[in-house]
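J.: I have a structure here, written as structure tokens, and I will follow up with some questions on it.
Coordinate-derived values only; no laboratory data. Note that this is a predicted model, so its numbers are computed, not measured. Note that we place each Cβ from the backbone using ideal geometry, even for glycine, and neighbour counts take in every protein chain shown.
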Amino acid sequence: MKRWGISILSQSIVLSAIALLPVSAADLNQQLNLNQQLNVPLNNGTRGSSRDEADRLLQLGKDQDSDGSLVDAVQSWQRALRLYQNLVDRSGEALAYGYLGSAYSRLGRSVEAEDVLRRQLAIARDGQDFQGQIYALNSLGRVLAQRGGVRSGESLFNEALAIATSINSADGAALTHDSLGLLAFGLGDRDRALDEYTIALTAARRASSPTREATTLNNLGALYQAAGKYRDSMKYYGLAVKLTDINRDRPNQFRAIDGMVAALNTIGGYKQSLELLNDRLRVAHMLENDRQELVSLQALGQLYEKVGDTPNAQQSYQQAIEVARNLDDTQQESILRERLVSLTRK
């Protein structure tokens, strides 16, 4: 018996839900990067200036990605990849491929994403790196599913799950059930999505992985929100907000706050929404993350405008304009200026 009481959405529309990565984000993302959780130690081969430079570029790309400069991050990771290839450093090469795969996917360059992720998978298979295979299979499966290759994606997820089961990897099981949940959600099968997310949540807790747990809590929040069950949605987003704050999991924290705010606004919980958005702004400012600060200020401006607090709305938009200018984001700056002018006329 169906538990949601709503019709299945068309596949062509809802496949975009598969784009929600577990550690990026997203989403927004604060879609999150699967490969950031590999924890492959750098400098695990011969040391030297080239290796140090490759490692530096890999980290630089991660920092640039976090700041919202994804195109710059791609350039850093491409340079790191060339150095790792010259050094015949297969572990470093695999990491660079993984980061590039996530970046290409988010930039809409799915053919390039598939290519580098297949290369990452090949390295993991050659090295009998089973954990690495799990991550690469999930990344590749999500890219294929986004391109409409649902069966191919599901096949790769099932292969990853078989490997995770064979090596008793709770983290790998959590990740893969999360992927299967996203796939089901994207196809409109919310019952199966709920089942997969529930298994993923249990596995994440068994693996003692707060990041994986928070990712699944956010996915459950999104699932219930899409079904119009806002109270249930807020329960899971609320758990994610607390967990991510404790563990300083900022990408998942931003996503949890955004989901919670969206649910609260739907039921008129504007006061709590303002508190959460101010918390979001505080964290972004503390991290010196201009991109997330811009998102926070823009959301605050919109909410103040919605509740009729024109002075605070104007102040938020004005601050957002300054941040957009610092980011050289002329498009957002123009949108915000139009919003501010419109507000002034009112």
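J.: Once you have all Cα-Cα distances for the range 12-267, histogram them in 10 Å bins from zero and send the whole-percent values.
T.: Over the range 12-267, the share of Cα pairs per 10 Å bin runs 8, 32, 36, 19, 4, 0 percent.
J.: Then there's this: How far apart, in nm, are two points set 7 Å out from the Cα along the Cα-to-Cβ line at Thr165 and at Ile335?
T.: Using points 7 Å along Cα→Cβ, the separation is 4.4 nm.
J.: Can you tell me the relative contact order of the chain? Whole percent, Cα pairs under 8 Å, sequence separation 6 or more.
T.: Rounded, it is 14 percent for the chain.
J.: When only DSSP loop residues count, what GluC sites (Glu not before Pro) in the range 236-340 have their Cβ near at most 12 other Cβ atoms within 10 Å?
T.: Glu288
J.: Just to be sure I understand: if I project the alpha-carbon convex hull of the range 268-346 onto a plane and average over all orientations, what area do I get in nm²?
T.: Directional mean of the projected Cα hull area for the range 268-346 stands at 4.8 nm².
J.: Calculate how steeply helix 130-146 sits against the longest principal axis of the alpha-carbon atoms of the chain, using the helix alpha-carbon long axis, and give the answer as 0 to 90 degrees to the nearest 10.
T.: Rounded to the nearest ten degrees, it is 50.
J.: How large is the helix-only mean residue ellipticity at 222 nm for the chain, computed as the sum of -39500 (n - 2.57) over DSSP H runs with n ≥ 4, divided by its residue count, in deg cm²/dmol to the nearest 500?
T.: Mean residue ellipticity, 222 nm, calculated: -25000 deg cm²/dmol.
J.: To continue, here is another question. Can you put His285, His177 in order, fewest other beta carbons within 10 Å first?
T.: His285, His177
J.: Within the range 252-284, whose backbone N sits under 11 Å from a point 7 Å along Cα→Cβ of Asn312?
T.: Only 270-278 fall inside the zone, counting backbone N under 11 Å.
J.: Taking only C-alpha pairs under 8 Å that are 6+ residues apart, what is the relative contact order of the range 268-346 in percent?
T.: The normalised contact order for the range 268-346 reaches 24 percent.
J.: Contour minus end-to-end for Asn278 and Ser152, with contour as 0.36 nm per residue of separation and end-to-end as the Cα-Cα distance?
T.: Between Asn278 and Ser152, full extension yields an extra 41.1 nm.
J.: The range 173-266: which trypsin sites (Lys or Arg not before Pro) are DSSP loop and have at most 15 other beta-carbon atoms within 10 angstrom?
T.: Arg248
J.: So what's the range 90-146 giving for Rg/Rh, alpha carbon basis, Kirkwood Rh from the mean inverse pair distance?
T.: Answer for the range 90-146: 0.95.
J.: Follow-up question, since we're still on this one. Normalising by the residue count of the range 207-346, find the relative contact order in percent from Cα pairs under 8 Å and 6+ residues apart.
T.: 15 percent
J.: Which pairs in the list Lys62/Lys235; Lys229/Lys271; Lys229/Lys306 are over 28 Å apart, alpha-carbon to alpha-carbon?
T.: The answer is Lys62/Lys235.
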